[in-house]
2 protein chains.
Amino acid sequence: MQNFEFHNPTRILFGQGQIAALAKQVPAGAKVLMLYGGGSIKSNGVYDEVKAALSGHAVLEFGGIEPNPHFETLMQAVELARREQVGFLLAVGGGSVIDGAKFIAAAALYEGDAWDILSKGGKVIQAALPFGSVLTLPATGSEMNSASVITRHATQEKRGFMSRHVYPVFSVLDPAKTLTLPARQVGNGVVDAFVHVMEQYLTYPAQAPVQDRYAEGLLLTLIEEGPKALSQPDDLAVRANVMWSATMALNGLIGVGVPQDWSTHMIGHELTALYGLDHAQTLAIVLPGIMQVQREAKRAKLLQYAERVWGLRDGNDDSRIDAAIDATRRFFEQMGVPSRLSGYGLDASAIDAVVTALEAAGSVHLGEHHDIDSAATRAALTLSL
Amino acid sequence: MQNFEFHNPTRILFGQGQIAALAKQVPAGAKVLMLYGGGSIKSNGVYDEVKAALSGHAVLEFGGIEPNPHFETLMQAVELARREQVGFLLAVGGGSVIDGAKFIAAAALYEGDAWDILSKGGKVIQAALPFGSVLTLPATGSEMNSASVITRHATQEKRGFMSRHVYPVFSVLDPAKTLTLPARQVGNGVVDAFVHVMEQYLTYPAQAPVQDRYAEGLLLTLIEEGPKALSQPDDLAVRANVMWSATMALNGLIGVGVPQDWSTHMIGHELTALYGLDHAQTLAIVLPGIMQVQREAKRAKLLQYAERVWGLRDGNDDSRIDAAIDATRRFFEQMGVPSRLSGYGLDASAIDAVVTALEAAGSVHLGEHHDIDSAATRAALTLSL
């Protein structure tokens, strides 16, 4: 295990009916800016419950935060927060709204050009407005971490930042509010969480059995409960387990003291930027190919994954690795997320475009050993044509 | 899964050499009271490293905090902290020193009779001095939770409290500092951590696959690494995994949203109070008997434990449960901790004494379903004669 520092101060309020508990978490007297996305919270009751919980506060609203939230849109919220001297932000939605809240929180108190936060990274942030979240879509883990990914719409640049100043003060996770999610969002969320785990688990070298087993526990749970969330959409216990798995997948804990990969995300981001694919769709395409390309380097870990996650104990090492990669791909498909470029009407020209975009961004030494270069990326995507 | 609230603000600094990182964690200008136990930190280098890290601070010292720390001793430290207007406590040692620090932190700012904190519980605490810890003995998990157990020496009353005000601000976990621990403390620590997990895992009903698998991951790691810590005492990687397992065993995470038992601890506390057995020794005696006594009620969970933790898949249900309980007992013995009363020179008269003490304390409805009464306690201990 490598040395590490771990600190996650976000308070989790989990369970049906927990939105009402907001009232005690938002500082008394703070003017609140409520942030949300396309408005689904108005049809599923979340909006009304949040407003009721905030009845003792002055509340402003800013809706319309997009998936892959736009820098340009968020800057409008920054202006509003400054102008109205907002004291607390409340993100109500999925990862995009929460990621947006993190940026708004930091940018509202940043004196320079707010694009610095994305171009130079979280180190420029000295302070941020406090904020909480009400999560409506289990997927990104943003509700319990300090990371955010924002897209500059004008240039299609997708950039992330991390800062200890942007952990949510609290996050409300009410699985009952996820019962009405469209199947596509359920599938995407499960795939996103699964790949978050894989980026921290399928790495080497690592002598970290606790982190490994926690990661395997999340993968097994997502494999077990994810399909049930589609086939038994009214099962609240299933939704609760999916929701908690997605939060635990990226709250820092399974990644302490171990190398982290993130190449699948880096490559996937370019597919979203170029073709507008959902984030999880890009991950489903990229990961199986990357696993194949890294099969020699990650042989031992792939065999562990095959046995512990998929129960594959028969056959020789290579056949078990193949079977584990196939099983991964089939799981994504089972969640309704095609795992090949052709599933989205894309062909080999997309591979050229992605590689060119990665090269332009200088992202040509990906993975925890910086060994996923343009050729490896091309090979991985070719396996997912 | 039941509704829950989770918030653990302790910062973990993990790894070899991390004591030096203390310098940045202790508030500048704070007068520090350094707390420790019997003085082993002076022979293993920890004392010197801590003093060096605190060189920029005014530091007072209070040593001699006992295992099962005494209220009477701690009150002397409370007086010192008040008299010297100490601003920060630093516990350097194992769970007893950290538990002691929590009590001192709360009592120093408590205006009434400090025994209230133990007799009435943590709810009386409105504030506490901030404190950090340098852990030297992986076992209790106190370094990343808000619980403390203190003994009033005069009356042999052992009482616990919990309060959100007594999370350590930070804890330094340097596994290299555990290399010189005596085998008895290593064995005790692994058994203590193992039973912490079991008290949160071997419960019902629970539909919490993430928590189950996290718990199983810790049990498997302790089973795998614990004996190596005895047989390969110089292996730093093993010590790191044991240390992190023990912290994760009782930082709240595996216990969210699930019922918790704690009957083994309650019964064990009386064995310590009456006969001075080490805490872990009492747990090793009590748990196997409690598992037998609860075998019908906890049948499904015991079968899950048998299969997932001990790999027991053959034979009928009852034989697998028996084998799992036997394996648990053998594991404790392998760690050098006898699991029968006779191993400590005790006989059936100890059972009478424990049951009498529990009845006197009103502790006669133990376990998550309050169904472990005096007869069940007697039966459990009789199985461990």
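The values are calculated or read from the model by the stated rules, or taken from the named source; none is laboratory data. Predicted, not measured: the structure shown is a model, and the values here were computed from it. Don't worry about glycine lacking a Cβ; one is built from the backbone with ideal geometry, like all the others, and counts go over all protein chains shown. Accessible surface areas use protein heavy atoms only, side chains included; no ligands, DNA or RNA. Shrake-Rupley method; radii C 1.70, N 1.55, O 1.52, S 1.80 Å.
Over chain B, what number does the Rg to Rh ratio reach, with both radii from the alpha-carbon atoms and Rh per Kirkwood?
Numbers: Rg = 20.3 Å, Rh = 21.2 Å.
When Rh is taken as the Kirkwood radius, the ratio is 0.96.
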- Query: What's the angle, to the nearest 10 degrees (0 to 90), between helix A:299-310's Cα axis and the longest principal axis of chain A?
  - Reply: 70 degrees
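Provide B:His369, A:His196, A:His370 ordered by accessible surface of protein heavy atoms (probe 1.4 Å), highest first. All intermediate terms of the calculation are to be shown ahead of the outcome.
Details: B:His369 70, A:His196 10, A:His370 125 Å².
Final ranking, largest accessible area leading: A:His370, B:His369, A:His196.
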- Query: Taking H as built 1.01 Å from N, whose amide H comes closer than 5 Å to the amide H of B:Arg11, not counting residues under 5 places away?
  - Reply: B:Phe170, B:Ser171
- Inter-copy separations for B:Asn316, label at 7 Å along Cα-Cβ, nm, ascending: 4.4
- If we hang a label 7 Å off Cα along the beta carbon direction at A:Arg295, how far is it from the matching labels on the other copies, in nm, shortest first? 4.7
- For chain A, the longest principal axis of the Cα atoms and the Cα long axis of helix A:209-231 enclose an angle in degrees, to the nearest 10, of 80 degrees
- Query: How many nanometers, to one decimal and shortest first, lie between the label point of B:Trp115 and those of its other copies, if labels sit 7 Å from Cα toward Cβ?
  - Reply: 6.9
- Query: So what is the relative contact order of chain B, in percent, for Cα pairs below 8 Å that sit 6 or more residues apart?
  - Reply: 16 percent
- Message: Using each residue's phi in the stretch B:186-195, evaluate 6.51 cos²θ - 1.76 cosθ + 1.60 at θ = phi - 60° and report the 3J(HN,Hα) Karplus result to the nearest Hz, with x for Gly and Pro.
- Response: 4, x, 4, x, 5, 5, 4, 4, 4, 6
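May I ask you to derive the relative contact order of the stretch B:11-177, considering only C-alpha pairs under 8 Å and at least 6 residues apart, and to give it as an integer percent?
29 percent
Calculate, for the protein assembly as shown, the solvent-accessible area per residue in square angstrom, rolling a 1.4 angstrom probe over the heavy atoms of the protein chains.
Values: 27420 Å² over 770 residues.
For the protein assembly as shown, the per-residue accessible area is 36 Å².
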- In a GNM of chain A with a 10 Å cut-off on Cα contacts, which of A:Leu346, A:Leu74, A:Leu137 has the highest mean-square fluctuation? A:Leu346
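Sort B:Phe6, A:Phe332 from largest to smallest accessible area, using a 1.4 Å probe on the heavy atoms of the protein chains.
Values: B:Phe6 20, A:Phe332 0 Å².
The ranking, largest first, comes out as B:Phe6, A:Phe332.
Could you list the square roots of 5 times each eigenvalue of the Cα gyration tensor of the stretch A:282-385, that is, the equivalent ellipsoid semi-axes, sorted largest first and rounded to whole Å? The partial results should precede the final answer.
Working: eigenvalues 125, 61, 19 Å².
So the equivalent ellipsoid measures 25, 18, 10 Å along its semi-axes.
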- Item | GNM top mover of A:Thr272, A:Thr136, A:Thr356 - chain A, alpha-carbon springs below 10 Å | A:Thr356
- Just the number, please: carbon plus sulfur as a percent of the accessible area of the protein assembly as shown, 1.4 Å probe, no ligands or DNA/RNA counted. 51 percent
- Query: Mind checking how much accessible area B and A bury in total, 1.4 Å probe, in Å² rounded to 100?
  - Reply: 3500 Å²
- Considering chain B as a Gaussian network with a 10 Å cut-off on Cα pairs, which listed residue, B:Ser55, B:Ser96, B:Ser163, attains the greatest mean-square fluctuation? B:Ser55
- B:Val337 - accessible surface, heavy atoms, 1.4 Å probe, Å² rounded to 10: 0 Å²
- Counting sequence-distant residues (5 or more places) and residues on other chains, those with an amide H built under 5 Å from that of B:Val134 are B:Ala91, B:Val92, B:Gly93, B:Val172
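Could you work out, residue by residue across A:205-211, how many beta carbons of other chains sit within 10 Å of that residue's beta carbon, and then give the average as an integer? Please report the intermediate quantities before stating the final value.
Numbers: counts 0, 0, 7, 5, 11, 15, 5.
Across A:205-211, the average partner-chain Cβ count within 10 Å equals 6.
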- Task: Starting at the first residue of the stretch B:368-378, write each ³J(HN,Hα) from the Karplus equation 6.51 cos²θ - 1.76 cosθ + 1.60 with θ = phi - 60°, in whole Hz, x for Gly and Pro.
- Result: 5, 10, 6, 9, 9, 9, 4, 5, 5, 4, 4
- Task: Note down the accessible area of A:Leu60, probe 1.4 Å, to the nearest 10 Å².
- Result: 50 Å²
- Task: Using only the alpha carbon atoms of the stretch A:121-186, find the Kirkwood hydrodynamic radius as the inverse mean reciprocal pair distance, in angstroms to one decimal.
- Result: 13.7 Å
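With a Förster radius of 41 Å, plug the Cβ-Cβ distance of A:Ala58 and B:Gln260 into 1/(1 + (r/R0)^6) and report the FRET value to the nearest 0.05. Present the calculation step by step, with values, prior to reporting the outcome.
Numbers: r = 41 Å, r/R0 = 0.99.
E(calc), rounded to 0.05, equals 0.50.
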- Message: Roughly how far apart, in whole Å, are the Cα centres of the stretch B:278-328 and the stretch A:310-385?
- Response: 43 Å
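Considering only DSSP states other than H, G, I, E and B, which chymotrypsin sites (Phe, Trp or Tyr not before Pro) in the stretch B:26-131 qualify as loop sites with at most 11 other Cβ atoms within 10 Å? Can you show the working numbers first?
Values: sites: B:Tyr36, B:Tyr47, B:Phe62, B:Phe71, B:Phe88, B:Phe103, B:Tyr110, B:Trp115, B:Phe131; in loops: B:Tyr36, B:Tyr110, B:Trp115.
Nothing satisfies the criteria.
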- Task: Would you jot down the residues in the stretch B:1-44 that end up with at least 40 Å² less accessible area in the complete protein assembly than in the chain alone, with a 1.4 Å probe?
- Result: B:Met1, B:Asn3, B:Phe4, B:Glu5, B:Phe6, B:His7, B:Arg11, B:Ile12, B:Phe14
- Hand me the GluC sites (Glu not before Pro) from the stretch B:251-360 located in a DSSP loop with no more than 16 other Cβ atoms within 10 Å, in residue order please. B:Glu296
- Message: Return the equivalent ellipsoid semi-axes of the protein assembly as shown as a descending list in whole Å, where each equals the square root of 5 times an eigenvalue of the C-alpha gyration tensor.
- Response: 44, 32, 25
- Task: Give me the angle, in degrees from 0 to 90, between the Cα long axis of helix A:348-360 and the longest principal axis of the Cα atoms of chain A, rounded to the nearest 10.
- Result: 60 degrees
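What percent do you get for the relative contact order of the stretch B:310-373 when only Cα pairs under 8 Å and 6+ apart count? Numbers along the way, then the final one.
Numbers: 21 pairs, mean separation 8.2, N = 64.
13 percent.
For the stretch B:64-204, report the translational diffusion coefficient in µm²/s to the nearest whole number, using Stokes-Einstein at 25 °C, 0.890 mPa s, and a Kirkwood Rh over Cα pairs.
Values: Rh = 15.5 Å.
It comes out at roughly 159 µm²/s.
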- Message: Please list 3J(HN,Hα) in residue order for the stretch B:170-176, calculated via the Karplus relation 6.51 cos²θ - 1.76 cosθ + 1.60 where θ = phi - 60°; whole Hz, with x for glycine and proline.
- Response: 8, 9, 9, 10, 10, x, 5
- Mind listing the long-range amide H neighbours of B:Tyr167? Cut-off is under 5 Å, sequence gap 5 or more, other chains count too, H placed in the peptide plane at 1.01 Å from N. none
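Are there GluC sites (Glu not before Pro) in the stretch B:21-102 that DSSP marks as loop and that have at most 14 other Cβ atoms within 10 Å, and which are they? Write down the numbers at each step before the final one.
Values: sites: B:Glu49, B:Glu61, B:Glu72, B:Glu79, B:Glu84; in loops: B:Glu84.
When the GluC sites (Glu not before Pro) of the stretch B:21-102 are filtered for loop state and at most 14 Cβ neighbours within 10 Å, B:Glu84 remain.
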- Query: Out of the DSSP beta bridges found with both residues in the protein assembly as shown, what percent are antiparallel (nearest 5)?
  - Reply: 30 percent
